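The values are calculated or read from the model by the stated rules, or taken from the named source; none is laboratory data. The model shown is predicted, which means the values in this text are computed figures rather than measured ones. Counting neighbours? That spans all protein chains shown, and the Cβs are built from the backbone with ideal geometry, glycine included.
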Amino acid sequence: MNRHATKKIRAGNRRCRFLRACGWLAAGVLFGSVIQAADLPPDNIFAGSPVLPPELHRVAVLPLAAEGRDADLPDGCEALQPVLFDELVRTEKFEVVSVRPENLRASSGREAWTGAEQLPEGFFESLRREYGCDAVLFCELTVYHAYAPLAVGWRLKLVDVRTRKIIWAADEVFNAGQPDVSRKAWQFWLNRDKMAEEDAIRWRLASSPRQFGSYTVAALLSRLPAR
């Protein structure tokens, strides 16, 4: 089998895994338009509509989960949980409220959920009562390499608490060893931190998982539907 065919098969398998991960919400869920992204594979970004529901005002952000066997993932969750929250706030798409792990355990029996599991009865109702949220963001860290070349993988699902439908979902891995990713991360921080020198930004992106992580999640969140 030639290299081109192998790449197509791998891409198809990746898309199938992503769709299966959303399977527990499949009934009654119709994925609408695919958001075309110049810097992200469109198969890995989905939205039910090009605009957010008008009634969506507050989102409860679940603790960052890690179901993989990589020993670095727990450290990555600790390092990138505040990064994820900060970037969500920066979007100004909706109000965000953080769900503490101990509170989630008390109400659901677990400190983190990826959204791919069978959820306990009353899961969404409990979160809606406690946080007054209109949607829940399931957050999973799938890849975390804290040493060069840095790599971060995210799997995110925004779910309407009333309809249980997926509003938006993303599944992507960013590898700083890829020149295109490195260039876009550098440009991102150059635009955000006007006072920083170019060499300083390059050094931070090569050595700081939090700095690189900020770019990766901001790149995904930039593909949220319009408000």
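How many residues are closer than 17 Å to residue 82 by Cβ and of a type in the set (A, V, I, L, M, F, W, C) if we restrict to the stretch 105-115? Outline the logic, then answer.
Of all residues in the stretch 105-115, those closer than 17 Å to residue 82 by Cβ come to 111-112.
Subset that is of a type in the set (A, V, I, L, M, F, W, C): 112.
Count: 1.
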- [ ] Inspect all residues belonging to the stretch 90-106 and state whether any of them is under 15 Å from residue 140 (Cα atoms), under 13 Å from the mean Cα position of the chain (by Cα) and surrounded by 14 or more Cβ atoms within 10 Å (Cβ to Cβ).
- [x] no
- [ ] Return only the number of the condition from (1) more than 18 Å from residue 80 (Cβ to Cβ); (2) exposed (fewer than 14 other Cβ atoms within 10 Å of the Cβ) that residue 148 does not satisfy.
- [x] (1)
Open item on the list: Quick test of your reading of the structure: residue 71 fulfils all but one of (1) of a type in the set (Gly, Ala, Ser); (2) modelled with pLDDT of 50 or more; (3) in a loop (DSSP other than H, G, I, E, B); (4) surrounded by 15 or more Cβ atoms within 10 Å (Cβ to Cβ). Name the failing condition by number.
Closed with: (4)
Task: Some residue of the stretch 193-201 being surrounded by fewer than 20 Cβ atoms within 10 Å (Cβ to Cβ), in contact (Cβ under 8 Å) with a residue 12 or more places away in the chain and touching a helix residue (DSSP H, G or I) at 6+ places or on another chain (Cβ under 6 Å) - done: yes
- [ ] Could you look through the stretch 146-156, keep only residues that are modelled with pLDDT of 95 or more and not small (Gly, Ala, Ser), and pick out the one that is nearest to residue 72 (Cα to Cα)?
- [x] 152
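Residues are listed down the side, and each one gets a yes or a no for (1) hydrophobic (A, V, I, L, M, F, W, C); (2) at pLDDT 60 or above; (3) on the phi > 0 side of the Ramachandran plot; (4) in a helix (DSSP H, G or I):
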{"residue": "16", "(1), (2), (3), (4)": "yes, no, no, yes"}
{"residue": "29", "(1), (2), (3), (4)": "yes, no, no, no"}
{"residue": "39", "(1), (2), (3), (4)": "no, no, no, no"}
{"residue": "54", "(1), (2), (3), (4)": "no, yes, no, no"}
{"residue": "60", "(1), (2), (3), (4)": "yes, yes, no, no"}
{"residue": "86", "(1), (2), (3), (4)": "no, yes, no, yes"}
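Go through the stretch 143-172 residue by residue and tally those that are among the acidic types (Asp, Glu) and either over 16 Å from residue 185 (Cβ atoms) or in contact with an Asp or Glu (Cβ under 9 Å, 6 or more places away or on another chain) (or both).
Let us first name the residues in the stretch 143-172 that are among the acidic types (Asp, Glu), namely 160, 171-172.
Subsequent filtering for residues that are either over 16 Å from residue 185 (Cβ atoms) or in contact with an Asp or Glu (Cβ under 9 Å, 6 or more places away or on another chain) (or both) retains 160, 171.
Total satisfying the criteria: 2.
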Task: Cβ-Cβ under 6 Å pairs, at least 6 apart or on other chains, the stretch 105-117 side aliphatic (A, V, I, L, M), far side at pLDDT 95 or above - done: 112/63; 112/65
